[in-house]
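Visitor: Here you go, one structure.
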Amino acid sequence: MEKIDISSNIKGIHLSSCIMNASGALCSSEKELLNLMNSSSGALITKSCTYYPRIGNEKPRYFEWSIGSINSMGLPNLGIDFYIDFFEKKDINKPIFLSISGFSMEENISILKKSNRSSKITAIELNLSCPNNNIEILGYNLKKVVQFLTYVFHISKKPIGVKLPPYFTDRHIKNMSSILNQFPISFVTCVNSVPNGMYIDIEKESVIIRPNQGFGGIGGKMIKPFALSNISKFYSYLKKNISIIGCGGISSGKDIFEHILCGANAVQIGTKFINEGITVFDRLRKELIEFLEKKNYKSINDFKGKLKTIDK
Ligand code: SIN
């Protein structure tokens, strides 16, 4: 049987498999990062880091049910120095993406300056979409995005991508794309969790998570339609040299197929990784390859971005 190629390329960064973890999912501590390094994921991304370590919000701050998850983690992470030191001492066999989410421009700039000095960090994912930091979701303020990216591209020596919140109108995605098209962005990740969701425990007649009066970002199966629409629209509006990483609602090889059909080069797994653990990467890889075999595709490039519409 001919080999099916599920490798990918994010603007020159080679991924042996197009499947990786999503930032935030089991990628904060030394143990979690080691686990990911030894897994079959095609790349590794860290928890969004801040300059100093943070313990994050009070628990319970994460909950999962059959079709979704809700979180208000509050960016718990070990701080930029930890992530730089951790990778510096390791033999690395896959691309390392550092996710950053400083609370101010100055904080982000300081983090970027530190990451410039690490030869082990392949690329940066700027988190423009944390739903829980009580300031604002930067990705919804297009003027600030322009300011922010202008600074970032003066400072950073690494390839840069942005993790975006979900957008709900065509115009919003078109406007955001024309901004991103003005910068030498390597990739966009669509989408972070859907902000301001709520889950209710009907026995207790209460919200299910403690922070922020129970409001949080929604992930998991139920957000897949929004991830797919955002990928598809960004794919049509962004310059073709900007790669898209799909994120949202993936729990099977067929879900990965759908993300790639809409235009994703690679995919990130969040809720399902937290739920199933590290073996999720082997399972999804196997399911994707089996599905492509049935479809008679030899590589992800055979169908990437080839979603059809229904003509009259
Ligand atoms: C959090 O740590 O609160 C979530 C971060 C994110 O979804 O961007």
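The values are calculated or read from the model by the stated rules, or taken from the named source; none is laboratory data. Note that the structure is a prediction, hence the values are computed from the model and not measured. So basically every Cβ, Gly included, is an ideal-geometry build from the backbone, and we count neighbours across all protein chains shown. Side chains are part of the model used for accessible areas, which takes the heavy atoms of the whole protein and leaves out ligands, DNA and RNA. Shrake-Rupley method; radii C 1.70, N 1.55, O 1.52, S 1.80 Å.
Visitor: When segment 76-86 is examined, which residues are found to be surrounded by fewer than 22 Cβ atoms within 10 Å (Cβ to Cβ) and more than 10 Å from the ligand (Cβ to nearest atom)?
Guide: Passing the criteria: Leu78, Gly79, Asp81, Phe82, Ile84, Asp85, Phe86.
Visitor: Now for a different question. On the basis of being modelled with pLDDT of 95 or more and within 16 Å of the chain's Cα centre (by Cα), does Asn296 make the cut?
Guide: no
Visitor: Would you please name the residue that is nearest to Glu106 (Cα to Cα), looking only at residues in segment 129-152 that are over 20 Å from the mean Cα position of the chain (by Cα) and open to solvent by less than 80 Å² (accessible area, probe 1.4 Å)?
Guide: Filtering segment 129-152 for residues that are over 20 Å from the mean Cα position of the chain (by Cα) and open to solvent by less than 80 Å² (accessible area, probe 1.4 Å), the one nearest to Glu106 (Cα to Cα) comes out as Thr150.
Visitor: May I pose another question? Which one is surrounded by the fewest Cβ atoms within 10 Å (Cβ to Cβ), of the residues in segment 1-26 that are assigned to a loop (DSSP other than H, G, I, E, B) and within 15 Å of the chain's Cα centre (by Cα)?
Guide: Leu26
Visitor: Could you please give the count of residues in segment 160-176 that are surrounded by fewer than 20 Cβ atoms within 10 Å (Cβ to Cβ) and either touching a residue at least 60 places away in the same chain (Cβ under 8 Å) or of a type outside the set (Val, Ile, Thr) (or both)?
Guide: Total satisfying the criteria: 6.
Visitor: Next up: Within segment 1-39, how many residues are acidic (Asp, Glu) and under 21 Å from Ser69 (Cα atoms)?
Guide: 1
Visitor: Still on this structure, I have one more. What's the total number of residues in segment 48-75 that are assigned to a loop (DSSP other than H, G, I, E, B) and open to solvent by 20 Å² or more (accessible area, probe 1.4 Å)?
Guide: Looking only at that region, the number is 13.
Visitor: Among the residues of segment 86-136, write down those that are under 18 Å from Ile10 (Cβ atoms) and either part of a loop (DSSP other than H, G, I, E, B) or at pLDDT below 95 (or both).
Guide: Of everything in segment 86-136, those that are under 18 Å from Ile10 (Cβ atoms) and either part of a loop (DSSP other than H, G, I, E, B) or at pLDDT below 95 (or both) turn out to be Ile92, Asn93, Lys94, Pro95, Lys120, Ile121, Thr122, Leu128.
Visitor: Of all residues in segment 195-213, which are buried (at least 17 other Cβ atoms within 10 Å of the Cβ) and without any contact (Cβ under 8 Å) to a residue 60 or more places away in the chain?
Guide: Val207
Visitor: Which of the following residues is of a type in the set (S, T, N, Q) and part of a loop (DSSP other than H, G, I, E, B): Ser236, Ser251, Ser229?
Guide: Sole residue among the options that is of a type in the set (S, T, N, Q) and part of a loop (DSSP other than H, G, I, E, B): Ser251.
Visitor: So which residues in segment 27-47 are within 13 Å of the ligand (Cβ to nearest atom), part of a loop (DSSP other than H, G, I, E, B) and either open to solvent by 30 Å² or more (accessible area, probe 1.4 Å) or out of contact with any helix residue (DSSP H, G or I) (no Cβ under 8 Å at 6 or more places or on another chain) (or both), if there are any at all?
Guide: Ser28, Lys47
Visitor: Out of Phe273, Phe226, Phe281, Phe257, report the one residue that is farther than 20 Å from Asn132 by Cα, under 19 Å from the mean Cα position of the chain (by Cα) and within 16 Å of the ligand (Cβ to nearest atom).
Guide: Phe273
Visitor: Quick check on my filter: what residues within segment 120-153 are within 30 Å of Lys90 (Cα to Cα), among the hydrophobic types (A, V, I, L, M, F, W, C), more than 16 Å from the ligand (Cβ to nearest atom) and touching a helix residue (DSSP H, G or I) at 6+ places or on another chain (Cβ under 7 Å)?
Guide: Ile121, Val152 - these are the residues of segment 120-153 that are within 30 Å of Lys90 (Cα to Cα), among the hydrophobic types (A, V, I, L, M, F, W, C), more than 16 Å from the ligand (Cβ to nearest atom) and touching a helix residue (DSSP H, G or I) at 6+ places or on another chain (Cβ under 7 Å).
Visitor: Go through the residues of segment 91-101 one by one and say whether even a single one is touching a strand residue (DSSP E or B) at 6+ places or on another chain (Cβ under 6 Å), of a type in the set (S, T, N, Q) and surrounded by 14 or more Cβ atoms within 10 Å (Cβ to Cβ).
Guide: Yes.
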